[in-house]
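Written out below as structure tokens is the structure these notes cover.
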Amino acid sequence: MDRVFLSNMAFFARHGVHDAERSLGQRFFVDVDCLLDTRPAAASDRLADAVCYDAVHAAVAAVMDGPAVRLLETLASRIAAAVLDGFPTVDGVRVAVRKPAAPVAGVLDHAGVEIVRRRGGGTD
């Protein structure tokens, strides 16, 4: 399976469990791997046969800028659904959502969630 990916997309959003996270907002980073057969696009060399990076970014941004949610799991699931719903040639998607300012009592680079979804409801 081939992969079209966008890595380390940055968004400022108001998601989180704590009131302060939702009122102040914070930065999130998102990776999306679209799993598909890229041979049709490679053979035609036409954007119409490919997954447009800008369109994937817009789909992720719509979720990140959408209604606030409490859990990273919810964000990742909504992003995966948006990609699978919006891009019929994508057979599967891997989504990672990272929160560098996670409210934990310790030092860490980020907290995060990674999910994999397949068309038709499957997972890996």
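The values are calculated or read from the model by the stated rules, or taken from the named source; none is laboratory data. Keep in mind that this is a model prediction, so the values were computed, not measured. Backbone-built Cβ (ideal geometry, glycine too); neighbour counts: all protein chains shown. Each accessible area value is taken on the protein alone, full model and side chains, heavy atoms only, with ligands, DNA and RNA left out. Shrake-Rupley method; radii C 1.70, N 1.55, O 1.52, S 1.80 Å.
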(request) Select from the range 56-86 the residues that are out of contact with any helix residue (DSSP H, G or I) (no Cβ under 7 Å at 6 or more places or on another chain), of a type outside the set (Ser, Thr, Tyr) and closer than 21 Å to residue 3 by Cβ and list them in ascending order. (result) 57, 58, 61, 76, 80, 81, 84, 85
(request) Taking the residues in the range 1-19 that are open to solvent by 60 Å² or more (accessible area, probe 1.4 Å) and among the hydrophobic types (A, V, I, L, M, F, W, C) as candidates, determine which candidate is farthest from residue 104 (Cα to Cα). (result) 1
(message) Against the condition at pLDDT 95 or above and either in contact with a helix residue (DSSP H, G or I) (Cβ under 7 Å, 6 or more places away or on another chain) or open to solvent by 80 Å² or more (accessible area, probe 1.4 Å) (or both), how does residue 95 come out, does it pass?
(response) yes
(message) Quick test of your reading of the structure: residue 28 fulfils all but one of (1) closer than 20 Å to residue 117 by Cα; (2) outside any loop (DSSP other than H, G, I, E, B); (3) in contact with a His (Cβ under 9 Å, 6 or more places away or on another chain); (4) not charged (D, E, K, R). Name the failing condition by number.
(response) (1)
(message) Go through (1) open to solvent by 40 Å² or more (accessible area, probe 1.4 Å); (2) over 21 Å from residue 113 (Cβ atoms) for residue 51 and report which single condition fails.
(response) (1)
